[in-house]
Amino acid sequence: MKKNFKISAFVLAVSMLAAVVSGCSQKAAKNEEPTLVWYMRKPISNMSSYDVVMEEANKIISKEIGAKLEFKFIESGMYDQKMNAMCSSGEAFDMCNLSGRSLLNFIDDGVFMPLDDLLSEYGSDITSQQSDLVKEGCKYKDKTYVVAGEGAMSVSRSFVFKKDLVDKYGIDYKNMNDLKSLEPYLEALKQNEPDVIPMIDAVVDKVSENYCVSDVQGVVFDENKEEFMMSYDHPEVLEEAKTKYDYYKKGYIEKDAISKTDALSEKKSGRYAVMNNEGYYSEDGSKSTAQHGFPCVESYTGNTMIRQSGPSGTCINAKSKNPEKCMQLLNLIWKDEYLLNTLAYGVEGVNYTVNEERSQEIGAKSINVKSGAEQTWAVWHNWLGPLFNQWDSSWNTVEILNTIKENNKTAKISKSSGFVFDTNPVKAEVAKVTATYQSVYRIFQIGCMEDFDTYLEDTRSEMKTSGVEKVIAEMNKQYKEWKNNESSNK
């Protein structure tokens, strides 16, 4: 009996030890949170608040989904090259932001997973807020491959005027809606304000609904003819370029404009009387006033057309070990307003202060975001998730966000929206055409050529030598095939 008792005691002790070890293992496993790695373009050069922002964000993420987030920021100019190399080599990571033909090629190669099942199970806050148009734009071959932020699908353009000069000359700026309507004012400034530059070169003509840009630089889509053509063959593109040339010759545009590389800094200098906006029109000029640092007013010049060219947004790598957690994270960003805005704006007292007076006025949180040399964190909301869940700030006021929402509903949709050009058949030609266009674009934007007609003909010749006619022929062929398929599927 004593022997059996000893054996039983030994077995019991081993069992208890095993239970303790098992319990510790389970507890350790429970406490072991995966880190989700998200690759993204670096939004601003100084992101030195990274640690404090991620500490605040991860308190929420850890509590809600049992994971942590790590951003991997890549310099914007190197981003596509880096992501292409990683995807081509089969490197494992969790998420990244991608768009365009390279994304579609990687989807075809199985680099990114379809998200429909994950969205169905974990993404209810995403799908309940996305419009049908956005959802459709996230699809490729009838499957969803990206989570796209519900943001601005159409951009409202305007001319921005320095308010002190508008008041001084008593101009009817609201009715100045195209480049040619500006000339009397520009001429008055040229004659009477020697310390003022009448217009910055980035100002563009009234938004046209007759053509839109394409996926190939130097090629536009004619909405009336429903075909692609070289940019400088379109009459409205040429008309704007000729006007710029005329204005440059008359001295309305700075003679050394070609040497300027930082347009926003130029505008903040206060030397320009007429400028372009930075993305969205504000009727009272509040957005431009906040961005430029002096009182501005604006005149509306139109809304860009909506044109989707394939999926664009956040993808989940097929090799991610935690795809469910990735979708839970994305959904949490759409669900939790504080988390979204922490990831976008940063931390109170470090990256922004609360504007109590404005908050009371609008009945929601309003903040003053640090800018310039003081700005040490920023991620644009639509890179993360829903643009419209952001707090009122100098980035976008509540009023501007409401305008953007309305624009999305009313803007014209391009007939080419949804068409994705496969560049592979003319890849070499596209590269040459792009390089040629980039070498002349600024000249046309400023109008600083010696003779317009001669420069235009030389440009057309160079574009043709680069292969633009072959590219356009391929684009029109693919567009017709896509159009026919769209019609047969309806």
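The values are calculated or read from the model by the stated rules, or taken from the named source; none is laboratory data. Just so we're clear, the structure is a prediction, and the values are computed from it rather than from any experiment. So basically every Cβ, Gly included, is an ideal-geometry build from the backbone, and we count neighbours across all protein chains shown. When the accessible area is computed, the model is the full protein with side chains, heavy atoms only, and any ligands, DNA or RNA have been set aside. Shrake-Rupley method; radii C 1.70, N 1.55, O 1.52, S 1.80 Å.
Identify the single condition in (1) out of contact with any strand residue (DSSP E or B) (no Cβ under 9 Å at 6 or more places or on another chain); (2) within 30 Å of ASP125 (Cα to Cα) that PRO323 does not satisfy, given that it satisfies every other one.
For PRO323, the exception is condition (1).
Looking for something under 30 Å from GLU70 (Cβ atoms), among the small types (Gly, Ala, Ser), in contact with a helix residue (DSSP H, G or I) (Cβ under 9 Å, 6 or more places away or on another chain) and open to solvent by 20 Å² or more (accessible area, probe 1.4 Å) - is there at least one such residue anywhere in segment 284-293?
For segment 284-293, residues under 30 Å from GLU70 (Cβ atoms), among the small types (Gly, Ala, Ser), in contact with a helix residue (DSSP H, G or I) (Cβ under 9 Å, 6 or more places away or on another chain) and open to solvent by 20 Å² or more (accessible area, probe 1.4 Å): absent.
Kindly indicate which of SER158, SER154 is under 30 Å from LEU118 (Cβ atoms) and outside any helix (DSSP H, G or I).
Just a single option satisfies the conditions, and that option is SER154.
Of the residues LYS268, LYS319, which single one is among the basic types (Lys, Arg) and touching a residue at least 60 places away in the same chain (Cβ under 8 Å)?
Unique residue meeting the criteria: LYS319.
With the requirement that a residue be more than 21 Å from the chain's Cα centre (by Cα) and either over 18 Å from MET47 (Cα atoms) or small (Gly, Ala, Ser) (or both), what does segment 336-351 give you?
Across segment 336-351, the qualifying residues are ASP336, TYR338, GLY349.
Yes/no per residue for (1) closer than 30 Å to SER417 by Cα; (2) of a type in the set (Val, Ile, Thr); (3) in contact with a Cys (Cβ under 7 Å, 6 or more places away or on another chain):
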{"position": "GLU227", "(1), (2), (3)": "yes, no, no"}
{"position": "VAL237", "(1), (2), (3)": "yes, yes, no"}
{"position": "ASP262", "(1), (2), (3)": "no, no, no"}
{"position": "ARG271", "(1), (2), (3)": "no, no, no"}
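In segment 270-279, which residues are open to solvent by less than 60 Å² (accessible area, probe 1.4 Å) and modelled with pLDDT of 90 or more?
Correct list: GLY270, TYR272, ALA273, VAL274, MET275, ASN276.
What is the one condition in (1) surrounded by 14 or more Cβ atoms within 10 Å (Cβ to Cβ); (2) of a type in the set (Gly, Ala, Ser); (3) without any contact (Cβ under 8 Å) to a residue 60 or more places away in the chain that ALA57 does not satisfy?
Every condition holds for ALA57 apart from (3).
Residue-by-condition table, conditions (1) open to solvent by 50 Å² or more (accessible area, probe 1.4 Å); (2) assigned to a strand (DSSP E or B); (3) touching a His at 6+ places or on another chain (Cβ under 7 Å):
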| site | (1), (2), (3) |
| --- | --- |
| GLY77 | yes, no, no |
| ASP80 | yes, no, no |
| MET83 | no, no, no |
| MET86 | no, no, no |
| LEU98 | no, yes, no |
| LEU119 | no, no, no |
| ILE126 | no, no, no |
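From the list GLU450, GLU474, which residue is without any contact (Cβ under 8 Å) to a residue 60 or more places away in the chain, over 12 Å from TYR232 (Cα atoms), acidic (Asp, Glu) and not in a helix (DSSP H, G or I)?
Answer to the selection: GLU450.
Please indicate, with yes or no, whether at least one residue in segment 111-125 is within 19 Å of the chain's Cα centre (by Cα) and closer than 27 Å to MET86 by Cβ.
No, that holds for no residue.
Given the options VAL350, VAL430, VAL379, name the one that is farther than 22 Å from ASP132 by Cα, in contact with a Pro (Cβ under 9 Å, 6 or more places away or on another chain), in contact (Cβ under 8 Å) with a residue 60 or more places away in the chain and of a type outside the set (Gly, Ala, Ser).
Of the residues listed, the single one that is farther than 22 Å from ASP132 by Cα, in contact with a Pro (Cβ under 9 Å, 6 or more places away or on another chain), in contact (Cβ under 8 Å) with a residue 60 or more places away in the chain and of a type outside the set (Gly, Ala, Ser) is VAL379.
Among the residues that make up segment 389-403, is at least one of them of a type in the set (Phe, Trp, Tyr), crowded, with 16+ Cβ neighbours inside 10 Å and modelled with pLDDT under 95?
yes
Checking the conditions here, which among ASN355, ASN331, ASN382 is within 22 Å of GLY66 (Cβ to Cβ), polar (S, T, N, Q) and open to solvent by 10 Å² or more (accessible area, probe 1.4 Å)?
Step by step, each of ASN355, ASN331, ASN382 is checked, and only ASN331 is within 22 Å of GLY66 (Cβ to Cβ), polar (S, T, N, Q) and open to solvent by 10 Å² or more (accessible area, probe 1.4 Å).
Which residues, counting only those in segment 129-187, are farther than 20 Å from TYR252 by Cβ, touching a strand residue (DSSP E or B) at 6+ places or on another chain (Cβ under 6 Å) and of a type in the set (Lys, Arg)?
Listed by number, the list holds a single entry, LYS174.
So, in segment 63-119, exactly how many residues are out of contact with any strand residue (DSSP E or B) (no Cβ under 6 Å at 6 or more places or on another chain) and under 16 Å from LYS325 (Cβ atoms)?
8
Out of GLU462, GLU486, GLU469, GLU481, which single residue is farther than 21 Å from SER309 by Cβ, surrounded by fewer than 16 Cβ atoms within 10 Å (Cβ to Cβ) and not aliphatic (A, V, I, L, M)?
GLU469
Which of the following residues is aliphatic (A, V, I, L, M), over 25 Å from the mean Cα position of the chain (by Cα) and at pLDDT 90 or above: ILE65, ILE107?
ILE65
Scan segment 409-427 residue by residue and report those that are assigned to a helix (DSSP H, G or I) and either hydroxyl-bearing (Ser, Thr, Tyr) or buried (at least 20 other Cβ atoms within 10 Å of the Cβ) (or both).
THR410, VAL426 - these are the residues of segment 409-427 that are assigned to a helix (DSSP H, G or I) and either hydroxyl-bearing (Ser, Thr, Tyr) or buried (at least 20 other Cβ atoms within 10 Å of the Cβ) (or both).
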